[in-house]
Amino acid sequence: MRRIVTVLWAVLLLACAEAGAAERSRPPGAPATDPVIYAAPTTRDGIGRIMAPVWLNGQGPFLFIVDTGANRTVLAPETARALGIDANGAARAVVHGVTGSESAPLARVRELRVGRIVRRDVEMPVVSSRIHAAADGMLGADNLAGTRLTVDFRRNRIDIAEAGPMPARARD
């Protein structure tokens, strides 16, 4: 299992390096063609995971790990409590991860906002902090659907653009 995780990280890092090389090949002063709908400085947690500010029900920002390998966005129990969400007695879902599986209660958030990306009536498993360490939650593929994510590790920046054909500069 560790080998799979190592290979996935290597692929992600190579993809980011390739995207950075394409960006550097753009002539100075040439406008970007990506319809970026969210761009923000990002931070990394203690083990290098990318973090993004997320607003829930108009409150925040909460720092979420950006995990494109996760099918679902998850919420930390502490974040659910801060939002006044009581997931006790709620429906449950099984969450699968690299470290195993866990049955977790589902919480409903009226609004999830990352920049201009807004998702309404979002159902999220509330998972123990061992899954997401000290983060307030994890932003998964379910709430990144229809977007293209670019992480610039050198500049500590995350861009989320509307999905569509890949720009020519990224294909070169």
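Within segment 78-101, is even one residue of a type in the set (S, T, N, Q), within 26 Å of Ala163 (Cα to Cα), crowded, with 19+ Cβ neighbours inside 10 Å and touching a Phe, Trp or Tyr at 6+ places or on another chain (Cβ under 8 Å)?
We begin by selecting, within segment 78-101, every residue of a type in the set (S, T, N, Q); these are 79, 88, 99, 101.
Going one step further and asking which of them are within 26 Å of Ala163 (Cα to Cα), we end up with none.
Taking every residue of segment 78-101 in turn, none turns out to be of a type in the set (S, T, N, Q), within 26 Å of Ala163 (Cα to Cα), crowded, with 19+ Cβ neighbours inside 10 Å and touching a Phe, Trp or Tyr at 6+ places or on another chain (Cβ under 8 Å).
Gly164 is checked against (1) touching a residue at least 60 places away in the same chain (Cβ under 8 Å); (2) under 17 Å from Val66 (Cα atoms) and fails just one. What number does that condition carry?
Condition not satisfied by Gly164: (2).
Step by step: first the residues of segment 64-101, then only those that are without any contact (Cβ under 8 Å) to a residue 40 or more places away in the chain and in contact with a helix residue (DSSP H, G or I) (Cβ under 7 Å, 6 or more places away or on another chain), then the one that is nearest to Pro125 (Cα to Cα). Which residue is that?
If we take residues in segment 64-101 being without any contact (Cβ under 8 Å) to a residue 40 or more places away in the chain and in contact with a helix residue (DSSP H, G or I) (Cβ under 7 Å, 6 or more places away or on another chain), then Ala87 is nearest to Pro125 (Cα to Cα).
I'm told Ala104 meets every condition in (1) surrounded by fewer than 20 Cβ atoms within 10 Å (Cβ to Cβ); (2) without any contact (Cβ under 8 Å) to a residue 40 or more places away in the chain except one. Can you identify the failing condition by its number?
In the conditions (1) surrounded by fewer than 20 Cβ atoms within 10 Å (Cβ to Cβ); (2) without any contact (Cβ under 8 Å) to a residue 40 or more places away in the chain, Ala104 misses (1) alone.
Could you check how many residues of segment 107-118 are surrounded by fewer than 17 Cβ atoms within 10 Å (Cβ to Cβ) and touching a Lys or Arg at 6+ places or on another chain (Cβ under 8 Å)?
2
Take residues that are under 27 Å from Arg157 (Cβ atoms) and at pLDDT 85 or above and tell me which of the strands (runs of 3 or more DSSP E) falling wholly in segment 81-139 contain 1 or more.
Numbers: elements: 92-97, 100-114, 117-125, 137-139.
Where strands (runs of 3 or more DSSP E) fall fully within segment 81-139 and carry at least 1 residues being under 27 Å from Arg157 (Cβ atoms) and at pLDDT 85 or above, they are 100-114, 117-125, 137-139.
The values are calculated or read from the model by the stated rules, or taken from the named source; none is laboratory data. Please read these numbers as outputs of a predicted model, since none were measured by experiment. Here the Cβ is made from the backbone with ideal geometry for all residues, glycine too, and neighbour counts use every protein chain on show.
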